[in-house]
């Protein structure tokens, strides 16, 4: 598969603790969230190869990215502040995606990831909400535009545009 044929994956972190004594940034994945996402990541690895994974520095995103690294057989995760859940993050996420190119997974948070996907799809809405652990696969087109290739959530079948729910 040529690099141009690889999708860009936008991946929301898996199910995490509701709170943590050290604050939101320290919230870790629950054991159930970890197990469900591990299975989900293996399923995604059968759909496409990846060149690399970049994640938000928050604990729950890093742990999700580490499960992706394991499933995709990669050696490491890169941490990038563009994926932090802050105002305007969707624009920074899309800028980072364009800099990296196809074949990368970006692990982060909502609503930033949904907004980045909508921006990448030039205003088109996603066919479903980006649940915890869900991934949206975007195929690059000419002129920095993207098209929706597929989306998948833990415990649900992979969906492609035009398929019924």
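The values are calculated or read from the model by the stated rules, or taken from the named source; none is laboratory data. Treat the numbers as computed from the prediction; the structure is a model and nothing was measured. Cβ coordinates were reconstructed from backbone atoms using ideal geometry, including for glycine residues, and neighbour counts include every protein chain displayed.
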Neighbours by Cβ (under 7 Å, 6+ apart or cross-chain): first from region 127-145, farther than 15 Å from residue 44 by Cβ; second at pLDDT below 85 and part of a helix (DSSP H, G or I): 140/4
Selected residue (criterion: surrounded by the most Cβ atoms within 10 Å (Cβ to Cβ)) from residues of region 23-33 that are modelled with pLDDT of 95 or more and not in a helix (DSSP H, G or I): 29
Could you count how many residues in region 34-59 are more than 30 Å from residue 142 (Cα to Cα) and either touching a strand residue (DSSP E or B) at 6+ places or on another chain (Cβ under 6 Å) or part of a loop (DSSP other than H, G, I, E, B) (or both)? 2
Note on region 132-157: residues at pLDDT 90 or above, in contact with a strand residue (DSSP E or B) (Cβ under 9 Å, 6 or more places away or on another chain) and surrounded by fewer than 16 Cβ atoms within 10 Å (Cβ to Cβ) are 147
Residue list for region 78-118, restricted to those being farther than 17 Å from residue 141 by Cα, assigned to a helix (DSSP H, G or I) and more than 12 Å from the chain's Cα centre (by Cα): 81, 82, 89, 90, 91, 92, 115
Yes or no: residue 11 out of contact with any helix residue (DSSP H, G or I) (no Cβ under 9 Å at 6 or more places or on another chain) and not in a helix (DSSP H, G or I)? no
Qualifying residues in region 119-129 (those that are surrounded by fewer than 23 Cβ atoms within 10 Å (Cβ to Cβ) and touching a helix residue (DSSP H, G or I) at 6+ places or on another chain (Cβ under 8 Å)) - the one farthest from residue 63 (Cα to Cα): 124
Give all pairs with beta carbons closer than 8 Å in which a residue from region 60-75 that is without any contact (Cβ under 8 Å) to a residue 24 or more places away in the chain and on the phi < 0 side of the Ramachandran plot meets a residue that is assigned to a helix (DSSP H, G or I) and surrounded by fewer than 24 Cβ atoms within 10 Å (Cβ to Cβ); count only pairs at least 6 apart in sequence or on separate chains. 75/69
The lone condition residue 75 fails out of (1) assigned to a helix (DSSP H, G or I); (2) over 24 Å from residue 126 (Cα atoms) is (1)
